[in-house]
1. Being of a type in the set (D, E, K, R) and touching a strand residue (DSSP E or B) at 6+ places or on another chain (Cβ under 6 Å) is the filter here; which residues of segment 160-185 pass it?
2. Somewhere in segment 113-127, is a residue surrounded by fewer than 20 Cβ atoms within 10 Å (Cβ to Cβ), of a type in the set (A, V, I, L, M, F, W, C) and modelled with pLDDT of 95 or more?
3. Checking residue 89 against (1) of a type outside the set (Val, Ile, Thr); (2) surrounded by fewer than 17 Cβ atoms within 10 Å (Cβ to Cβ); (3) closer than 23 Å to residue 188 by Cα: exactly one of these is not met. Which one?
4. How many of the residues in segment 147-176 are within 15 Å of the chain's Cα centre (by Cα) and farther than 20 Å from residue 121 by Cβ?
5. Pairs under 7 Å by beta carbon, first residue within 18 Å of residue 148 (Cα to Cα) in segment 60-80, partner open to solvent by less than 80 Å² (accessible area, probe 1.4 Å) and part of a helix (DSSP H, G or I), six or more apart or different chains?
6. Condition (residue is under 23 Å from residue 18 (Cα atoms), among the polar types (S, T, N, Q), surrounded by fewer than 18 Cβ atoms within 10 Å (Cβ to Cβ) and out of contact with any Phe, Trp or Tyr (no Cβ under 7 Å at 6 or more places or on another chain)) applied to segment 129-152: is it met by at least one residue?
7. If you check 33, 27, 57, 2, which single one turns out to be in contact with a helix residue (DSSP H, G or I) (Cβ under 7 Å, 6 or more places away or on another chain), polar (S, T, N, Q) and modelled with pLDDT of 95 or more?
8. Among the numbered conditions (1) more than 27 Å from residue 8 (Cβ to Cβ); (2) surrounded by fewer than 17 Cβ atoms within 10 Å (Cβ to Cβ), tell me where residue 101 comes up short.
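The values are calculated or read from the model by the stated rules, or taken from the named source; none is laboratory data. Predicted model only: the values in this text are computed from it and were never measured. Glycine also receives a Cβ, built like all others from the backbone with ideal geometry; neighbour counts cover every protein chain displayed. All accessible areas refer to the heavy atoms of the entire protein, side chains included, with ligands and DNA or RNA removed. Shrake-Rupley method; radii C 1.70, N 1.55, O 1.52, S 1.80 Å.
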Amino acid sequence: MTNKLNLGILISGSGNTLQNFIDQIETQKLPATIQIVISSKPDVAGLNRARKHNLRTTVIPYANYTSIDAFSRAITDELDKYPIDLITLAGFVHFYNIPEKYRGKVMNIHPGLIPAFSGHHYYGRKVHEAVITYGAKVSGCTVHFADNIYDNGPIIIQRAVSVHDDDTPDTLAERVFQAECEAYPEAIRLFAEGRLKIEGRKVRIIK
C-alpha cells in the first residue's frame, strides 16, 4: 500500500531538485505533500520556486549559527511544527545533525557514485570536476539514507552515467541531474510503499 508522505525539504540554492519534486507531485507521479521548505541561505532561487507554488518556506541561515549543533536544532525545531514523514536533502550543502526521532527518515542524493568522490567538501560542481580530473569513465548519482557522517548512510538507489572524453563539469552535471530526476522520486515512492528495509549498511528493497 502506498501512503501519501508529508515531506520536509532542505535546500541551499537553485531548487532544481525541489522543482523536480513539485513537478512529480503535480503530475501525480509522487505521492507526497510538501509541508515545509527550509533554506540555509536567504534569497536563493529555490525559495522563489517554492513560493511560486504556494509552499510554506522558512530561512534558517547557516551563517547565523556558531555551531552545527545549534544550526541543526533550529532546523529540527522548525520541522517539528509539521507532520513530517520524510526529510529530503535537496541541494542542501550543510551538515544536519539528525536527531534520533528522524533516524531512517532522512534521504539525500549525491551527484556521484558513493563511495567515490564523496564526503566533506564533495558536493555539486566539485564532484563533477573531480570525476573528470581523475579520468573516471563512469559517474552517476546515489540516493541514500543520511546519517551523521557525510555521504555515509546506506544506499537505496544508484544510477550510472558514462563520462565522455569531451565532458565539462557542466555537461556531465546535466546528464547526472537527469538521472537524479528519476532516481530520487523512485526512492521516495519505495519509502511511501513501505518497501525499504535498512539492514546494517544495506537497504533491502522488498518486492
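1. Those that are of a type in the set (D, E, K, R) and touching a strand residue (DSSP E or B) at 6+ places or on another chain (Cβ under 6 Å): 175, 180.
2. Yes, there is a match, as at least one residue in segment 113-127 is surrounded by fewer than 20 Cβ atoms within 10 Å (Cβ to Cβ), of a type in the set (A, V, I, L, M, F, W, C) and modelled with pLDDT of 95 or more.
3. Evaluating residue 89 over (1) of a type outside the set (Val, Ile, Thr); (2) surrounded by fewer than 17 Cβ atoms within 10 Å (Cβ to Cβ); (3) closer than 23 Å to residue 188 by Cα leaves (2) as the failure.
4. Within segment 147-176, residues that are within 15 Å of the chain's Cα centre (by Cα) and farther than 20 Å from residue 121 by Cβ number 6.
5. From residues that are within 18 Å of residue 148 (Cα to Cα), the pairs are 62/71.
6. Scanning segment 129-152 turns up at least one residue that is under 23 Å from residue 18 (Cα atoms), among the polar types (S, T, N, Q), surrounded by fewer than 18 Cβ atoms within 10 Å (Cβ to Cβ) and out of contact with any Phe, Trp or Tyr (no Cβ under 7 Å at 6 or more places or on another chain).
7. Step by step, each of 33, 27, 57, 2 is checked, and only 57 is in contact with a helix residue (DSSP H, G or I) (Cβ under 7 Å, 6 or more places away or on another chain), polar (S, T, N, Q) and modelled with pLDDT of 95 or more.
8. Checking residue 101 against (1) more than 27 Å from residue 8 (Cβ to Cβ); (2) surrounded by fewer than 17 Cβ atoms within 10 Å (Cβ to Cβ), the one that fails is (1).
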